[in-house]
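Enquirer: Below are the structure tokens for one structure; questions will follow.
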Amino acid sequence: MKLKSQALLRVLFVCAGSAVLAASPDRVTLPPVEPIPTPEQRAWQELELTMFVHFGINTFTDREWGDGKEDPKLFNPTKLDCRQWVRAAKSGGFKLIILTAKHHDGFCLWPSQFTEHSVKQATWKNGRGDVVREFTEACRDEGMKIGLYLSPWDRHEASYGTEAYNEHFRNQLTELLTHYGTVDEVWFDGACGEGPNGKRQVYDWPSYYATIRQHAPKAVIAIMGPDVRWVGNESGVARVGESSVQPANKDVHGDRTGNVWYPAECDVSIRPGWFYHEPEDAKVKSLNHLLDLYFKSVGRNSVLLVNVPPNREGWFAEPDVNRLREFGDAIREMFKDDLAQHRPVATEPPDNIFGADFRAARAVDGDAATYWAATEGTTAGTLVVDLGEARTFNLVSLREPFWLGERAQKYRVEAEPKDQPGTWRVLAEGSVIGSRNLLRFPETTARRVRLVIEHARGVPAISELAVYHSPLVPPATGRD
Ligand code: FUL
């Protein structure tokens with residue numbers, strides 16, 4: 001009897017399962033609002049925090065731009081420890097590190113077979129060292145994603161300024177992308193100065209991109225590349241309303257016309273310079289400054305790229321290590337308690353949902369992969385969250401399911417103040433949301449908070465509406 005009922009149950013279970021499966025092809029899906037990111041762009045945007053490591057011959061000559069005439073013997077990081085970099089980056093919450101494999105001086109941190117201007121001629125390890133090897137192994141062991149910077153401008157290479165250099169550059173790219181495992185980002189600077197023979201190079205970008213797509217199909221190509229856009233300054237700040245939807249740029253998008261998905265990256269150094277200079281040990285950016293940049297980059301629908309330069313021993317210096325840990329601790333503390341999570345949430349007008357899979361609760365379920373979407377054909381909508389009792393807060397985080405396109409064009413966040421029930425006070429206003437918007441405002445005490453999307457390109461959709469209270473939120477400086 002027992003066996004029989006178990007068998008019956010199994011039959012019922014299988015039937016139910018197949019009913020769901022059979023139904024799934026017809027499940028309602030939210031149509032994308034073009035353009036949308038590639039899977040690689042989406043994964044990259046979700047990293048939020050990435051790190052730059054400027055390290056090379058300049059570290060030993062105390063310069064920012066080498067001229068390509070440096071003696072490679074000077075390169076001697078006696079205690080190089082890439083694991084120390086990676087662990088410090090992790091403590092700061094960083095998810096990917098980009099190493100300057102070759103800067104404008106042409107000195108290669110790996111033993112390239114295409115030049116002698118490299119670690120092969122260094123005092124370090126009698127010319128048998130390979131920083132790219134040690135770096136990529138440390139990243140892989142610690143679960144850190146990997147980026148490589150290869151400067152197209154090369155002030156050492158004799159072929160620079162001739163067609164032969166394009167092949168030289170592709171050869172170096174191929175070495176980097178085939179000898180060290182998966183690479184997640186390739187970073188190209190736009191600088192194009194003169195080489196040793198006084199000539200400038202005409203870069204063959206399409207052939208560089210083809211080389212990357214062939215050997216590292218999962219890598220995004222940044223700055224002078226079609227996947228990731230330079231935000232336009234080196235101070236780590238995006239514009240209010242920064243959008244990933246941009247007109248195609250013919251330098252990097254070739255024949256593509258109209259709008260393309262081209263998300264912004266905000267680069268900045270933790271110190272005044274990109275390379276290590278001892279006197280700058282005293283000039284590491286303050287915690288408040290870094291947190292402010294976080295709000296002005298990650299909080300403005302962009303990725304933050306913070307440079308931390310190792311010293312001559314091959315270590316991140318103590319002030320930088322301490323600052324990174326403080327930064328990571330502050331971010332973890334700020335976002336540890338979402339007052340809106342799993343709270344009752346309603347739409348205005350009622351039942352303003354795209355279907356059963358897109359209920360308002362999806363915006364407050366703590367899972368950024370699920371989302372509320374409004375009724376088909378609408379371009380406006382409101383979410384009202386009940387915090388259960390009057391709570392004090394000073395920060396709201398919003399996210400859209402941006403992999404289906406940017407939607408909001410104009411929105412505001414409001415609270416029903418404890419002392420004025422029935423009225424709504426505007427806390428913040430915005431336009432584009434995309435991957436994330438962080439809104440900071442003076443401490444407010446209220447039981448209900450609402451997000452009013454006044455206008456969207458297509459059906460409004462929200463994957464996160466989170467509310468926080470933290471004394472660590474840096475005051476908005478108004479300085480961009
Ligand atoms: C600039 C370079 O010239 C700097 O040296 C640095 O590498 C920075 C990230 O990009 O254009």
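The values are calculated or read from the model by the stated rules, or taken from the named source; none is laboratory data. All figures in this text were calculated on a predicted structure; none of them were measured in a lab. Heads up, the Cβs are rebuilt from the backbone with ideal geometry, glycines too, and the neighbour counts pull from every protein chain shown. Quick note on the areas: whole protein, heavy atoms, side chains included, nothing else; ligands and nucleic acids left out. Shrake-Rupley method; radii C 1.70, N 1.55, O 1.52, S 1.80 Å.
Enquirer: Which order, highest average first, do 126-133, 109-116 follow once you tally other Cβ atoms within 10 Å for each residue and take the mean per peptide?
Expert: Answer by packing, highest mean first, reads 109-116, 126-133.
Enquirer: Set Lys and Arg Cβ to +1 and Asp and Glu Cβ to -1, take the dipole of the chain about its Cα centre, and tell me which of P111, T392, V183 lies farthest positive.
Expert: Of the listed residues, the answer is T392.
Enquirer: Still on this structure, I have one more. Can you find, among I98, A88, L150, the residue farthest towards the positive end of the dipole of the stretch 24-166? Put +1 on the C-beta of Lys and Arg, -1 on that of Asp and Glu.
Expert: So the residue we want is A88.
Enquirer: Taking only protein heavy atoms into account and a 1.4 Å probe, give the accessible area per residue of the stretch 345-468 in Å².
Expert: Per-residue value: 37 Å².
Enquirer: Provide the gained length on full extension for the span L287 to N76, in nm with one decimal, where the gain is 0.36 nm per separating residue minus the Cα-Cα distance.
Expert: In short, 72.8 nm is gained.
Enquirer: If each of E348 and D251 carries a label point 7 Å out from its Cα toward its Cβ, how far apart are those two points in nm?
Expert: In this crude label model, E348 to D251 measures out at 4.6 nm.
Enquirer: Under unit Cβ charges (Lys, Arg +1; Asp, Glu -1), what dipole magnitude, rounded to 20 debye, does the chain have relative to its Cα centre?
Expert: My answer is approximately 1080 debye.
Enquirer: What distance in nm lies between label points placed 7 Å from Cα along the C-beta direction at D367 and E443?
Expert: Distance between the two pseudo-spin positions: 3.5 nm.
Enquirer: How much length would be gained if the chain were fully extended between R239 and N171, taking 0.36 nm per residue of separation minus their Cα-Cα distance, in nm to one decimal?
Expert: Answer, rounded to one decimal: 20.7 nm.
Enquirer: Another one. Rolling a 1.4 angstrom probe over the protein chains, ignoring ligands and nucleic acids, what is the accessible area of V426 in square angstrom, nearest 10?
Expert: Ignoring ligands and nucleic acids, V426 comes out at about 70 Å².
Enquirer: Considering Cα pairs under 8 angstrom that are at least six residues apart, work out the relative contact order of the chain and quote it in whole percent.
Expert: Relative contact order comes out at 15 percent.
Enquirer: Filter the chain for me: DSSP H helices, axial length by Cα at least 20 angstrom, mean Kyte-Doolittle hydropathy not below 0.0. List them by residue number. List each step's numbers first, then the result.
Expert: Working: long enough: 2-23 (31 Å, 1.28); 163-179 (25 Å, -1.09); 318-334 (24 Å, -1.03).
Qualifying helices: 2-23.
Enquirer: Carbon and sulfur: what percent of the chain's accessible surface (1.4 Å probe)?
Expert: Values: 10670 of 20470 Å².
Here it works out to 52 percent.
Enquirer: Same structure again: Test of understanding: extend the Cα→C-beta vector of T38 to 7 Å, then name every residue of the stretch 213-238 with backbone N under 12 Å from that spot.
Expert: Taking a point 7 Å out along Cα→Cβ of T38, the residues of the stretch 213-238 whose backbone N falls under 12 Å are 213-222, 225-228.
Enquirer: Under a 1.4 Å probe, what is the accessible area of the stretch 197-304 per residue, stated in Å²? Numbers along the way, then the final one.
Expert: Numbers: 4390 Å² over 108 residues.
Result: 41 Å² per residue.
Enquirer: When only DSSP loop residues count, what GluC sites (Glu not before Pro) in the stretch 370-470 have their Cβ near at most 14 other Cβ atoms within 10 Å?
Expert: E376
Enquirer: Work out, step by step, the length gained on full extension between R425 and R200: first 0.36 nm times the residue separation, then minus their alpha carbon distance; give nm to one decimal.
Expert: 75.2 nm
Enquirer: Now for a separate question. DSSP loop (so not H, G, I, E, B), at most 12 other Cβ within 10 Å: list which chymotrypsin sites (Phe, Trp or Tyr not before Pro) in the stretch 261-316 pass both filters. Numbers along the way, then the final one.
Expert: Numbers: sites: W261, W274, F275, Y276, Y294, F295, W315, F316; in loops: W274, F275, Y276, W315, F316.
Those that pass, being in a loop and sparsely packed, number zero.
Enquirer: Would you kindly calculate the translational diffusion coefficient of the chain, applying Stokes-Einstein with the Kirkwood radius from alpha carbon pairs, for 20 °C and a viscosity of 1.002 mPa s, and quote it in µm² s⁻¹ without decimals?
Expert: The Stokes-Einstein estimate is 88 µm²/s.
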